[in-house]
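Trainee: Please read through the structure below; I'll follow up with questions.
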Amino acid sequence: MIFEGLQSAKPDEFVRFGIPPACIDILQRIPGLDDFEQAYDRRVTIEDNHIRFPVIGRDDLLRAKRAAGRQVDLQDVVSLEKVGARE
């Protein structure tokens, strides 16, 4: 099912598994990030209940949010920058 969803998705579409807020979005391409390998090298790992998850790094996330340009993404940029300023 996962692979069927990805095979039928267009390059700019994503496939969602689960129901928000407990869901995972799988993207084939992320606007603003031209080189997956470099972004992957910059990933961070988070841990929850002794399970480790690789996630996009903060700077790459900010780049992707700006490139998406949706109002919700731009609001996320403001929030993420405020959090970064406090660290």
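Trainee: Go through the range 39-87 and report how many residues are in contact with a Ser or Thr (Cβ under 8 Å, 6 or more places away or on another chain) and within 16 Å of Arg29 (Cα to Cα). First the steps, then the outcome.
Mentor: Pass one, the range 39-87, residues in contact with a Ser or Thr (Cβ under 8 Å, 6 or more places away or on another chain): 52-55.
The next check asks that each one be within 16 Å of Arg29 (Cα to Cα); those that pass are 55.
The number of residues fulfilling the criteria is 1.
Trainee: Sort out which residues of the range 1-45 are farther than 21 Å from Asp73 by Cα, in the same structural domain as Ala67 (by the TED database) and of a type in the set (Val, Ile, Thr), and write them in order of number.
Mentor: Hit for the range 1-45 is Thr45, nothing else.
The values are calculated or read from the model by the stated rules, or taken from the named source; none is laboratory data. Remember, predicted model here, so these are calculated numbers, not experimental data. In this analysis, Cβ positions are derived from the backbone assuming ideal geometry, glycine residues included, and neighbour counts consider all displayed protein chains.
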